[in-house]
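Below is one structure, written out as structure tokens; the observations come after it.
The values are calculated or read from the model by the stated rules, or taken from the named source; none is laboratory data. These numbers come from a predicted model, not from an experiment. Here the Cβ positions follow ideal geometry from the backbone for every residue, glycine too, while neighbour counts run over all protein chains shown.
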Amino acid sequence: MEKKLYELVTDDDDTVDLSAGIGSEAAKHVPVNFGKQVVASVASKTGDQFSKPGLILTWLLTALGAPAITIGLLVPVREAGSLLPQLVVANFIRRREIRKNFWVIGSVFQGAAVLGMGLVALFLEGAAAGWTVVGLLVFFSLARGVCSISSKDLLGKTIPKTRRGRLGGLASSISGWIAVGVAVFFIFNKAQELPASLFAGLLFAAGILWLLGAFVMSRVVEKPGEVSAGKGFVQEMKESLGLVKSDPVFLKFCIARALLASTVLSMPFYVVLAHEATGGRIRSLGILMIAGSLATALSGVIWGKCSDASSRKTLAIAGLAAGLIGCLTAWVSAFAISEAGAAWLYGGLFFLIGLAHTGIRNGRKTYLIDHATQDNRARLVAVSNTLMGIILLLSGSFGLLAGALGERAIILIFAVLGIAGSLLAFTLPEAEES
């Protein structure tokens, strides 16, 4: 089945050389490994859709009467918590010839944490529910960081350069379509307030999906890779961060990635504008959910193929599009629009920014993996993610600025940063040609 899936997606046959960047021995298992990693990625990405901190967990804690401080911690803990420890995690990963086990263990821990959140939805309320979920999210985020590094390293060892982008794109598209089905349910649900039991069901489903992903990934055929001797933490930090100085292309990529992170940081402010313009109706929320899910589902495979052709151009074009969409949003939000019209208007804008965000994610992941080598891939990923974790923590100050300047101004600021990141990405060399 895995081989048929691979042939359907890539149109490859037995005459195609699949050894680029991975070697002839690993190339023998590419079709099977491609299929297994698609299934495992779909499971984890769908689990992400069912447990989004900015949507599902936020609504859950609100319904349970949790303190506002715990709700405000959800997104920073989820993102920064999974990125900041990655330099240390990468040091352990490089000591092992087989890296898939790190992904498997991390996925099991993520599943366990989300299953625990489902139990919270059923049995706890108030501050107890809020702080328990935050604690579980810390545990979840650390496991997520392990999976982040090991998945990219495993992808670089088992899938050739020109096939990596479409693997991620296919997984994103499938998980996006699944999320569309859930969003449709929200749109046609007649209840004014959705019960906590419904969120618990979503979280239980997410936890099971992560466990399924762990099982499938454990069956990937991975050949032993080179290992490096373990070093002390200070020495490891010094050598890893030294890559930023010794590799000017990597430094430029990190700056571009930081600027382009403005896209994902701006998306909650789109939701705030939509909420204000539509009176917070559940129907408008459903439209936003479908818009975001459709953006991923419809564009994932396309962006994946574009990234395989040129991840540099994909990153730059998607970033430029995001900046222009932000400028458009800041302009149209100044006009008075009916509630019905605003729901569809912001749904359309959210769809467009979702398209751009999917392209940025796919382009920057593919670029980093293709730019790196088997010897430094885990370390480059760890350094890049650690720097991003710091930036995401600092970005929390934009929430304070929103109170003073307004959401429209924040979106415009992020749009300008995105355009700057796009222009910088255009100056990067092609990673697929090396």
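Scan the stretch 164-181 and tell me whether some residue there is more than 18 Å from the chain's Cα centre (by Cα) and modelled with pLDDT of 80 or more.
yes
Please tell me if Gly359 is assigned to a helix (DSSP H, G or I) and at pLDDT below 85.
No.
Please work out if Gly156 is part of a helix (DSSP H, G or I), out of contact with any Asp or Glu (no Cβ under 9 Å at 6 or more places or on another chain) and more than 22 Å from Gly81 (Cβ to Cβ).
For Gly156, the condition - part of a helix (DSSP H, G or I), out of contact with any Asp or Glu (no Cβ under 9 Å at 6 or more places or on another chain) and more than 22 Å from Gly81 (Cβ to Cβ) - is not met.
Here are Ala322, Ala334, Ala295, Ala318: which of them is assigned by TED's automatic domain parsing to the domain that holds Ala431, surrounded by fewer than 23 Cβ atoms within 10 Å (Cβ to Cβ), in contact (Cβ under 8 Å) with a residue 40 or more places away in the chain and under 26 Å from Ile178 (Cα atoms)?
None of the other options fit; the residue is Ala295.
Here are the criteria: (1) part of a helix (DSSP H, G or I); (2) under 20 Å from Gly213 (Cβ atoms); (3) at pLDDT below 85. Tell me which single one Ile98 does not satisfy.
Exception for Ile98: condition (1).
Given the condition at pLDDT below 90, loosely packed, with under 15 Cβ neighbours inside 10 Å and either over 14 Å from Ala256 (Cβ atoms) or not assigned by TED's automatic domain parsing to the domain that holds Gly354 (or both), answer yes or no: does some residue in the stretch 410-426 qualify?
no
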